[in-house]
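The values are calculated or read from the model by the stated rules, or taken from the named source; none is laboratory data. Keep in mind that what you see is a predicted model, and the values were worked out from it rather than measured. Cβ coordinates were reconstructed from backbone atoms using ideal geometry, including for glycine residues, and neighbour counts include every protein chain displayed. With ligands, DNA and RNA removed, areas are computed over all heavy atoms of the protein, side chains included. Shrake-Rupley method; radii C 1.70, N 1.55, O 1.52, S 1.80 Å.
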Amino acid sequence: SISLLFQKGTIGSMTLDHRILMGAMHLGIEGDRNQLNQLKAFYIERVKGGAALIITGGVAVLPEGGGDHMFCLTEQDHRDQLKELAEAVHQSGGKIALQLQHQGRYAKSSETGLEPVAPSPIISRITKETPVELSVKGIEKVRDAFIEGAIFAKSAGFDAIEIMGSEGYLLNQFLSPVTNRRTDEYGGDLNKRMKFPLDIAAGIRDQAGGDYPVIYRISGDDYMEGSTTREETIEFARRLADLGVDALNVGVGWHESRIPTVAATVPAGAFAYVVSDIRRAVDVPVIGANRIHTPEVAENMLKQELMDFVAPARPWLADASFALKAQKGDREGLNLCISCNQVCLDHTLGNPLLPVGCLVNPRTGHEWEWKIKEKEKSRHRQERYIAVVGGGIAGLAAAKAAAEQGHHVALFEAREQLGGHFLLASQIPGKDKFLETIRFYKISLDRLNVTIKRSAKPAVEELKAFDKVIIATGVKPYIPKQIKGANLPHVATYSDVLSGKVALGKKIAIVGGGGIGCDLASLIAQANDIPADVKSFFGEYGVKIDFPHHKDVTIISRSKRIAKGVGPTTRWVLLSELRRLGVHILKGFECREISQDGVWVRNDEEERFLKADQVIICAGQTADKALYDHLKGQVPVEVIGGSLDARNLNAARAIRQAYDLFYGC
Ligand code: SF4
């Protein structure tokens, strides 16, 4: 049971109702006055959803440390907006902390119009830019901007501030020997490398008032070769606590580090030990964040005394009532983050012009417009009978949206199980959480009294009885016509494999190097993995176990770039997994013909034969819209999801389309 999470807690002079905070998230709409209502609506829904404290996305203390769609404290209008935001949160009964940030060498000149600055001129892998080395005067200017930022936060009514000192941003850059090669008083041994962040923390402590709550977001481990050591991190944490910082929020990894921290394959609570290492060393409360995505995991963190507070971020995008539902014990009704990153971090880090949303929760980022539409709709609400055909994620979402709008809904699914492609994909390593989304939609439909008909293929006559029919019949695997031999018995589609229709061979050729082909390759090649507990058992006795692969998997990709459509936060993790599992990749080759014992492939220069006892086609999909074509003109009908557009299967788009039908935004 969940009980520890709902004990009161304190951070300095601030008392919090419980232990679940909302970690800082940049939404990509900050600073734009036209978006202020949306930003307020986003935060207010999370206050109402039970967040004990909201930490804002990073607010730049100086323009060169900011970026597109970020608040910057040198703009008077941004200050005014921040003040309004704090007031809005307070009016709805919440608490809010302002995060002070400077991106240093992660800032992009294309966004700021200014040269990025850093402790030393070391090129950033993220921006490909070499920052300008800060002068001592420059350092003092940044220090003063942080201090002044805290004073502003207090005067604007924020309940606390958080100093952003992790994830490889400016303060973290000063601490780390990887990015700080200075030879003056701000670089060299630990004392000198700590000077800048400690000066900032001390200045804030000194000038913002002795009891103004100050949180420092410290990097528990940079996961960068040659960076701050564990002992140094602990020493730094002690010094921060000694000079009066009220809590430490422990982040892990830099944006350029090559240890996944946000990928779906990272085990739950994986970084809790980094947090607890710091907790043991200090006597101020310690907050942990990464990969704490369910109330059970969070409760367990507290039970094991690994941390004092949790500050999940993405789980609040997936469900605005994360804490409230946990408190009510409504675990079933909780929409969980599936760590796909597709509509959140891939937007923030991949395309900052795209605002943050959430794949599993289409309301996120649209709270304001939805609220307005809901009001409008409720004025001329009309109950109708809606049939949804197809129980994949698009159909489930359409049924939920329709029922939420007060319609009578029947959902027809041809198979026994709901979930469609989402269910198939749940077998891919790291995608087991997709089952949680299917569970959430099923529960929601039950609660909304949607009639669910499984193994059902409704006849046209039956559908004619409804006021509207939504077709969400999804997709079928596409088999390129030009491939000879595609009908041989050892050729299967990804859907055959994932639905368990075919037994796998030993030497497997996967035709198609897109996201699905790569995912499938990683799933099949996992059979080559020796389970971790077996490995560690033999490891204890010094026995090396390393057996040759028994599944030999080759991906044949027409493009020179595989997994093209996979987002930036996930693609590199998938590629390194394929490497680790020994998957062969043939780039720039087209499959020409499949024979009894292999595959003929070619590019502009050569033709090759690849031995294979099984060929799996992952060459995309075609829309399954026969029913839609048939119904058109006979009944009012709409088509959504893969059955509308089969290119680049996109669950986020499918869910949005489903909601757009009934929320009209
Ligand atoms: Fe989680 Fe994906 Fe939603 Fe991001 S988009 S919050 S990772 S479910």
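Tabulated results
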item: Options 498, 504: the member that is under 24 Å from residue 359 (Cα atoms), not assigned by TED's automatic domain parsing to the domain that holds residue 393 and not hydroxyl-bearing (Ser, Thr, Tyr); result: 498
item: Enumeration of residues in the range 208-225 that are charged (D, E, K, R) and either open to solvent by 10 Å² or more (accessible area, probe 1.4 Å) or in a strand (DSSP E or B) (or both); result: 211, 217, 221, 225
item: Cβ pairs under 7 Å, 6+ apart, first in the range 466-480 and within 30 Å of residue 492 (Cβ to Cβ) and touching a residue at least 40 places away in the same chain (Cβ under 8 Å), second open to solvent by 20 Å² or more (accessible area, probe 1.4 Å) and of a type in the set (Lys, Arg); result: 471/625; 473/625
item: Criterion (under 25 Å from the mean Cα position of the chain (by Cα) and either open to solvent by 10 Å² or more (accessible area, probe 1.4 Å) or near the ligand (Cβ under 10 Å from one of its atoms) (or both)) met by exactly one of 371, 328; result: 371
item: Meets criteria (surrounded by fewer than 22 Cβ atoms within 10 Å (Cβ to Cβ) and within 16 Å of the ligand (Cβ to nearest atom)) for residue 366; result: yes
item: Some residue of the range 438-452 being away from the ligand (no atom under 16 Å from the Cβ) and within 30 Å of residue 36 (Cα to Cα); result: no
item: Qualifying residue in the range 450-458 (condition: touching a residue at least 60 places away in the same chain (Cβ under 8 Å), of a type in the set (Val, Ile, Thr) and open to solvent by 40 Å² or more (accessible area, probe 1.4 Å)); result: yes
item: Those residues of the range 68-100 which are in a strand (DSSP E or B) and either open to solvent by 10 Å² or more (accessible area, probe 1.4 Å) or farther than 18 Å from residue 143 by Cα (or both), in sequence order; result: 72, 96, 97
item: Given (1) modelled with pLDDT of 90 or more; (2) in the same structural domain as residue 296 (by TED's automatic domain parsing); (3) in contact with a Ser or Thr (Cβ under 7 Å, 6 or more places away or on another chain), index of the condition residue 333 fails; result: (3)
item: Pair list, Cβ < 7 Å and 6+ apart or interchain, from the range 333-361 residues that are on the phi < 0 side of the Ramachandran plot and of a type in the set (Asp, Glu) to residues that are modelled with pLDDT under 95 and more than 6 Å from the ligand (Cβ to nearest atom); result: 346/567; 346/568; 346/569
item: Total residues in the range 4-37, condition touching a strand residue (DSSP E or B) at 6+ places or on another chain (Cβ under 8 Å) and part of a loop (DSSP other than H, G, I, E, B); result: 12
item: Residue tally, condition of a type outside the set (Gly, Ala, Ser) and over 22 Å from residue 310 (Cβ atoms), over the range 237-253; result: 4
item: Filter result (charged (D, E, K, R) and touching a helix residue (DSSP H, G or I) at 6+ places or on another chain (Cβ under 9 Å)) within the range 416-446; result: 431, 442
item: Filtered residues of the range 319-345 (kept if among the charged types (D, E, K, R) and more than 20 Å from residue 426 (Cβ to Cβ)); result: 325, 328, 330
item: Residues of the range 106-134 that turn out to be among the small types (Gly, Ala, Ser) and closer than 27 Å to residue 76 by Cβ, as a count; result: 4
item: Output for the range 271-319, where each listed residue is under 15 Å from the mean Cα position of the chain (by Cα) and either small (Gly, Ala, Ser) or part of a helix (DSSP H, G or I) (or both); result: 289, 311, 313, 314, 315, 316, 317, 318
item: Residue list for the range 331-347, restricted to those being more than 8 Å from the ligand (Cβ to nearest atom) and open to solvent by 40 Å² or more (accessible area, probe 1.4 Å); result: 331, 332
item: For residue 353: the one exception among (1) part of a loop (DSSP other than H, G, I, E, B); (2) within 13 Å of the ligand (Cβ to nearest atom); result: (2)
item: Strands (runs of 3 or more DSSP E) completely within the range 576-643 that count 3 or more residues being open to solvent by 80 Å² or more (accessible area, probe 1.4 Å); result: 607-611
